[in-house]
1. What's the total number of residues in the stretch 50-87 that are under 21 Å from residue 6 (Cα atoms) and either assigned to a helix (DSSP H, G or I) or among the hydroxyl-bearing types (Ser, Thr, Tyr) (or both)?
2. Any idea how many residues of the stretch 62-92 are touching a residue at least 60 places away in the same chain (Cβ under 8 Å) and of a type in the set (Val, Ile, Thr)?
Amino acid sequence: MADVDRATLHDRLLGYVRDDLKAGTEAEPLTVDSPLLDMGVLDSVRTARLLAHIRSEYGVRVPPGQMTGEHFRSVAAIADLVLTLRSQAASL
């Protein structure tokens, strides 16, 4: 996938979480800063699906050491992780 800016990545990841992971409700809508773990949006199955999506859509694998609550606390944090991993891969 070609380079994508942070705002576009936010939109795409938020759409994936909302539509494919079926997260968020009218009573509790998701934003890029919503606490995904605190809201129960990400469990082991959804996290595995999200990791597969990140690998296939953005061409990066998230190393086990990067699979932390800090990196998956929100869509914004996930986007930052993806951008960091893509930047590291490009510099190799």
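1. Final tally of qualifying residues: 25.
2. Matching residues across the stretch 62-92 total 3.
Quick grid of which residues meet (1) aliphatic (A, V, I, L, M); (2) in contact (Cβ under 8 Å) with a residue 24 or more places away in the chain; (3) out of contact with any helix residue (DSSP H, G or I) (no Cβ under 6 Å at 6 or more places or on another chain); (4) more than 18 Å from residue 84 (Cβ to Cβ):
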{"position": "11", "(1), (2), (3), (4)": "no, no, yes, yes"}
{"position": "29", "(1), (2), (3), (4)": "no, no, yes, yes"}
{"position": "41", "(1), (2), (3), (4)": "yes, yes, yes, yes"}
{"position": "60", "(1), (2), (3), (4)": "yes, yes, no, no"}
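All of the numbers you see were taken from the coordinates with simple rules; none came from a lab. Because the structure is a prediction, the values reported are computed rather than measured. Because the Cβ atoms are built from the backbone with ideal geometry, glycine has one as well, and the counts that use them run over all protein chains shown.
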